[in-house]
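Colleague: One structure follows; several queries about it will come next.
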Amino acid sequence: MMELNALRQFLVVARLEHLSRAAEELRVAQPSLSRTIARLEGELGAPLFDRSGRLRLNDAGRLFRGYAERCLGELEAGRRAVAEAAGEGLGAVRLASETFLTLTGPLAAYKRAHPRVETELRWMPAEDMGRHLRAREVDLCVASQPIHADGLESARLLEEEVGLAVPSGHRLAGRASVGIEELAGESFVAARGGHWQRRLLERLFAARGLTPRVVCEADESGAIADLIGAGLGVGLVPAFARRAVWSVPLVWIAVDSPDCRRTLTLFWAADGHLSGAARLMRSAITGWDWAG
């Protein structure tokens, strides 16, 4: 009989495609993990990985991964539903996002309205969100780029212009707008690879046969703003961030490209059980006055 622990271990190996790293994350011995995967493949009657050279998930493994994620996700949803019913409360809510700067308003309003609800916030790259939503490891995700996964529903929250932030003494500081070609020689402070801001920067440059010169990477918008203000470079900043109180003086310049925009979207599993707390947070976020 297939064991739940075997499914959980398989998903970690499938994500990392590396046995020793998976064993380290799971805190199990690598030979034991290898035997677990082999038993699972024996029960299914097909290999799940290609083992010629580097370990790779094969077509059967990719097919089975979706079922394993949904299986464990449904069990987790059932556990939470029972806990919610037994406690006669709203339950808890787990929200993941690439950045929480944009969400401080609706999150603060939600916490004031429901102070006793347990709220867990997780930073997460967009590429991981679909997997975590299907596995019910998070209830809601907010991303500034598409999530390519089946079985998700979404609500668009905000579409806005993204501009260029420069230090107050920069040569472009007096400009109302700037073209991408004019930025070819600039040093950029950017988010890490995979983040929406970094992907937008690379996409804008690639469309013109250019490559941005990234001299510094940072994880949070506040850190990016501080590094730009310190004179280390320039960077893309959404219009929403102009309302934030920056600790350094920056100048925001419009970028002369219709593609220099971002769309903020809320995602959740289409067929999953959302706790009362998660449903209320979904309403709070979608009902927020984003235009204001």
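The values are calculated or read from the model by the stated rules, or taken from the named source; none is laboratory data. Here the structure is a predicted model, which means the values were calculated and not measured. Cβ placement follows ideal geometry from the backbone for every residue including glycine, while neighbour counts extend to all protein chains displayed.
Colleague: Quick one: how many residues across segment 121-161 are under 23 Å from ALA218 (Cα atoms) and not hydroxyl-bearing (Ser, Thr, Tyr)? Full working, then the answer.
Modeller: We begin by selecting, within segment 121-161, every residue under 23 Å from ALA218 (Cα atoms); these are 121-129, 141-147, 160-161.
In the following step, the residues that additionally are not hydroxyl-bearing (Ser, Thr, Tyr) were identified as 121-129, 141-143, 145-147, 160-161.
Going through segment 121-161 one residue at a time, the tally reaches 17.
Colleague: How about segment 10-53: which of its residues are of a type outside the set (A, V, I, L, M), without any contact (Cβ under 8 Å) to a residue 24 or more places away in the chain and assigned to a helix (DSSP H, G or I)?
Modeller: Residues of segment 10-53 that are of a type outside the set (A, V, I, L, M), as a first pass: 10, 15, 17-18, 20-21, 24-25, 27, 30-32, 34-36, 39, 41-43, 45, 47, 49-53.
Adding the requirement that they be without any contact (Cβ under 8 Å) to a residue 24 or more places away in the chain leaves 20-21, 24-25, 27, 30-32, 34-35, 41-42, 45, 47, 50-53.
Answer for segment 10-53, where residues must be of a type outside the set (A, V, I, L, M), without any contact (Cβ under 8 Å) to a residue 24 or more places away in the chain and assigned to a helix (DSSP H, G or I): SER20, ARG21, GLU24, GLU25, GLN30, PRO31, SER32, SER34, ARG35, GLU41, GLY42.
Colleague: When you check SER154 against the structure, is it in contact with a strand residue (DSSP E or B) (Cβ under 7 Å, 6 or more places away or on another chain), closer than 11 Å to TRP268 by Cβ and either acidic (Asp, Glu) or surrounded by fewer than 16 Cβ atoms within 10 Å (Cβ to Cβ) (or both), yes or no?
Modeller: Values: in contact with a strand residue (DSSP E or B) (Cβ under 7 Å, 6 or more places away or on another chain): yes; closer than 11 Å to TRP268 by Cβ: yes; either acidic (Asp, Glu) or surrounded by fewer than 16 Cβ atoms within 10 Å (Cβ to Cβ) (or both): yes.
Yes, satisfied.
Colleague: Considering segment 227-242 alone, what residues qualify as being in contact with a Pro (Cβ under 9 Å, 6 or more places away or on another chain) and assigned to a strand (DSSP E or B)?
Modeller: Scanning segment 227-242 gives a single hit, VAL234.
Colleague: Looking only at residues that are among the hydrophobic types (A, V, I, L, M, F, W, C) and part of a strand (DSSP E or B) in segment 211-226, which one is surrounded by the fewest Cβ atoms within 10 Å (Cβ to Cβ)? Talk me through it step by step, then tell me what you get.
Modeller: Going through segment 211-226, the residues among the hydrophobic types (A, V, I, L, M, F, W, C) turn out to be 214-216, 218, 223-225.
Retained after the next criterion (residues that are part of a strand (DSSP E or B)): 214-216, 218.
Values: VAL214: 18, VAL215: 13, CYS216: 16, ALA218: 19.
By that ranking, first place goes to VAL215.
Colleague: Quick one: how many residues across segment 195-234 are among the polar types (S, T, N, Q) and at pLDDT 90 or above? Break it down stepwise before answering.
Modeller: Quick first cut of segment 195-234, residues among the polar types (S, T, N, Q) only: 197, 211, 221.
Those still in the list that are at pLDDT 90 or above too: 197, 211.
Adding up the residues that qualify gives 2.
Colleague: Spot the failing condition for ARG208; the list is (1) among the charged types (D, E, K, R); (2) in contact (Cβ under 8 Å) with a residue 12 or more places away in the chain; (3) surrounded by 16 or more Cβ atoms within 10 Å (Cβ to Cβ), and only one is missed.
Modeller: If we test ARG208 against (1) among the charged types (D, E, K, R); (2) in contact (Cβ under 8 Å) with a residue 12 or more places away in the chain; (3) surrounded by 16 or more Cβ atoms within 10 Å (Cβ to Cβ), just (3) comes out false.
Colleague: Considering every residue within segment 123-135, establish whether at least one is assigned by TED's automatic domain parsing to the domain that holds SER97, under 30 Å from GLU76 (Cβ atoms) and aromatic (Phe, Trp, Tyr).
Modeller: yes
Colleague: Out of (1) at pLDDT 90 or above; (2) crowded, with 16+ Cβ neighbours inside 10 Å; (3) within 15 Å of THR265 (Cβ to Cβ), the odd one out for ALA149 is which?
Modeller: Answer for ALA149: the failing condition is (1).
Residue-by-condition table, conditions (1) touching a Gly at 6+ places or on another chain (Cβ under 8 Å); (2) on the phi > 0 side of the Ramachandran plot; (3) among the aliphatic types (A, V, I, L, M); (4) touching a residue at least 60 places away in the same chain (Cβ under 8 Å):
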| residue | (1), (2), (3), (4) |
| --- | --- |
| HIS148 | yes, no, no, no |
| ILE180 | no, no, yes, yes |
| GLY185 | no, no, no, no |
| HIS195 | no, no, no, yes |
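Colleague: May I ask you to list the residues in segment 1-54 that are farther than 15 Å from GLU69 by Cα and among the basic types (Lys, Arg)?
Modeller: Across segment 1-54, the qualifying residues are ARG21, ARG27, ARG35, ARG39, ARG51, ARG54.
Colleague: Quick one: which of GLY276, GLY235 is touching a strand residue (DSSP E or B) at 6+ places or on another chain (Cβ under 6 Å) and of a type in the set (Gly, Ala, Ser)? Walk me through it before giving the result.
Modeller: Details: GLY276 fails: touching a strand residue (DSSP E or B) at 6+ places or on another chain (Cβ under 6 Å).
Result of the check over GLY276, GLY235: GLY235.
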